[in-house]
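What follows is a single structure, written as structure tokens, with notes after it.
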Amino acid sequence: MKNGKSIKRSLVLAGGGLRLAYHAGVLQALKEDGISFNHVDGTSGGIFGTAMMASGLSPEESAMRWRKLNLQGFMRALPFSNYLGMHRLSAMGSASGIRRKIFPALGIHVDKIRSNTAFDATFNVCKFSDKSIEAIHHSEITEDHLIAGMSLPMFMPAVRIGKDWYTDAVWIKDANLTEALRRGAKEVWLVWCIGNTREYLNGTLNQYVHMIEMSACGGLYSEIELLRSANASTSAGGEEPVKLYIIKPEYPLPLDPDFFLNRIDADTLINMGYSDTRDMLAARQPFDLNSPVNETTTMKDPGITVHFRQQFQGEVVVNGENLLCSVHLAFFIREINGQLTRQLYSSVSFDKENFISGFENRITTEKGGVEPAFMFKFRNKEHRLRLRIRVNNVTDFLLGLECKTGLAYLTEGGSESGPYQLYQPAFHRIKNAFYLYTKAGTGWSGRRKSKLRILNSFFEKA
């Protein structure tokens, strides 16, 4: 890797639940840029990514496993008798699905983690018995530690290890920068996925999430203050200060229930992480530690959001070869203060090989159609793909009757080829229409009206 390990770096994977398939895209982009790490630290949902890395999985294999993951086995019920006395109920569900299905599917193996020699890994757990954080080194990790580290109170039971109880550390801190500093890191790369906007939302789940946001952000702000103090001391001694790089989404990621309900999928989350990281690397600016600490995690208010996906396939010519091409597109159309914003995330596959995440995603609209375009790397060469999709009627679009075909154009080295006719099978069109969803702080009727208004405006202005 071009950056090697001459600079001591720590990668800090903060939490955010199972939607942290996002991390796989982040890791792919970092690897492409030649950035490696001496130390990786995981908290809460960040334990998944840390454990996959320490199990020896490449970012590409991690992404493939996330895309293939079947979430049906994630939540398992406790024995029925536990639900008969609610005051004795340890949690809403058990961790058996994670142990027996999710860990194996993601390639997480404790024996491989313990024997890892590529880098140091630490896993944060809350030692509930004395309300402290423990950063467990990978050589001493057990499956119980991994489970405890992502056991949110109410949702999964605490885990007893020896004489002590352990649970998710997010309530104390969600990003252990202190551990990175203790290990001598001169660069700390923080991947942060817990939302932080100004809006306080109604609903039990939203407010449970708000409690996590307050605890996690408050813990990080304290860590930033410690980093400032450490840098002041090292600077006084003539040493270079520690640099903090932050990778985060522009808008809050959808919550885990949206992932379970297939309102968002792993492919989209991976593509988001990849695209966000590419954008951050293009600027390569460390966080200004003189800035207000809340800027570390602040994200834009998503407003009213309409999200839908499209998948096309067909033959194209790439590097002189006829290849079967599959294109996955995820659109996020947001109405913020009466104005529409548009985001696209993308991936492409050739001859049914692993999907390749896109970057520099763009959306152009015209009357009765939309033209998404993105860059991607295939066999060490950069290509650009743009796709012209006709949409004549929003009602038919919502019924899965539009977007049957698209005209694809491929550009390599300044030369464009095409058009290539791509098709979207009826099954995908109907499924995409079923899973199209609107996120808004209103009831069903209000969301329906918002969805029609936003889609009509999006396709008309195009």
Scanning segment 146-178 for residues that are of a type outside the set (A, V, I, L, M, F, W, C) and more than 23 Å from the chain's Cα centre (by Cα), the one most open to solvent (accessible area, probe 1.4 Å) turns out to be 163
For segment 50-74, which residues satisfy the criterion of being open to solvent by less than 10 Å² (accessible area, probe 1.4 Å), of a type outside the set (Ser, Thr, Tyr) and closer than 25 Å to residue 178 by Cβ?
51, 52, 54
Look through 439, 431, 404 and report the one residue that is open to solvent by 50 Å² or more (accessible area, probe 1.4 Å) and touching a residue at least 60 places away in the same chain (Cβ under 8 Å).
439
Enumeration of residues in segment 179-199 that are part of a helix (DSSP H, G or I), under 21 Å from residue 247 (Cα atoms) and either open to solvent by 10 Å² or more (accessible area, probe 1.4 Å) or of a type in the set (Val, Ile, Thr) (or both):
179, 181
Is segment 246-267 home to any residue that is within 27 Å of residue 9 (Cβ to Cβ), basic (Lys, Arg), open to solvent by 50 Å² or more (accessible area, probe 1.4 Å) and more than 23 Å from the chain's Cα centre (by Cα)?
no
Those residues of segment 378-393 which are in a strand (DSSP E or B) and exposed (fewer than 14 other Cβ atoms within 10 Å of the Cβ), in sequence order:
381, 382
Selected residue [touching a helix residue (DSSP H, G or I) at 6+ places or on another chain (Cβ under 6 Å) and within 26 Å of residue 198 (Cβ to Cβ)] from 283, 266, 330:
330
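Residues are listed down the side, and each one gets a yes or a no for (1) within 22 Å of the chain's Cα centre (by Cα); (2) of a type in the set (Ser, Thr, Tyr):
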position	(1), (2)
291	no, yes
294	yes, no
324	no, no
327	yes, no
339	no, no
348	yes, no
362	yes, no
Filtered residue count, segment 407-428, keeping only those that are open to solvent by less than 70 Å² (accessible area, probe 1.4 Å), of a type outside the set (Ser, Thr, Tyr) and in contact with a Gly (Cβ under 8 Å, 6 or more places away or on another chain)
6
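In contact (Cβ under 8 Å) with a residue 40 or more places away in the chain, of a type in the set (S, T, N, Q), open to solvent by 30 Å² or more (accessible area, probe 1.4 Å) and touching a Ser or Thr at 6+ places or on another chain (Cβ under 9 Å), is that true of residue 450?
When the stated conditions are applied, residue 450 does not pass them.
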State yes or no: is residue 38 more than 24 Å from residue 194 (Cβ to Cβ), modelled with pLDDT of 95 or more, over 16 Å from the mean Cα position of the chain (by Cα) and surrounded by fewer than 24 Cβ atoms within 10 Å (Cβ to Cβ)?
yes
Just one of 274, 251 is touching a residue at least 24 places away in the same chain (Cβ under 8 Å), under 27 Å from residue 74 (Cβ atoms), assigned to a loop (DSSP other than H, G, I, E, B) and of a type in the set (Ser, Thr, Tyr); which is it?
251
For residue 374, which of the numbered conditions (1) open to solvent by 60 Å² or more (accessible area, probe 1.4 Å); (2) under 30 Å from residue 440 (Cα atoms) fails to hold?
(1)
I'd like the residue in segment 344-370 that is within 18 Å of residue 309 (Cα to Cα) and without any contact (Cβ under 8 Å) to a residue 40 or more places away in the chain and, out of all such residues, is surrounded by the most Cβ atoms within 10 Å (Cβ to Cβ).
348
Let me spell it out: the conditions are (1) touching a residue at least 24 places away in the same chain (Cβ under 8 Å); (2) in a strand (DSSP E or B), and residue 375 meets all of them except one. Which number is the exception?
(1)
What are the pairs, 6+ residues apart or on separate chains, where a residue within segment 183-195 that is touching a residue at least 40 places away in the same chain (Cβ under 8 Å) and basic (Lys, Arg) has its Cβ under 7 Å from a residue that is in a strand (DSSP E or B) and buried (at least 24 other Cβ atoms within 10 Å of the Cβ)?
183/10
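The values are calculated or read from the model by the stated rules, or taken from the named source; none is laboratory data. Computed from a prediction, not measured in an experiment: that's the story for all the values here. Neighbour counts are summed over all protein chains in view; Cβ atoms, including those assigned to glycine, are modelled from backbone coordinates with ideal geometry. Surface areas here come from the heavy atoms of the whole protein model, side chains and all, with no ligands, DNA or RNA. Shrake-Rupley method; radii C 1.70, N 1.55, O 1.52, S 1.80 Å.
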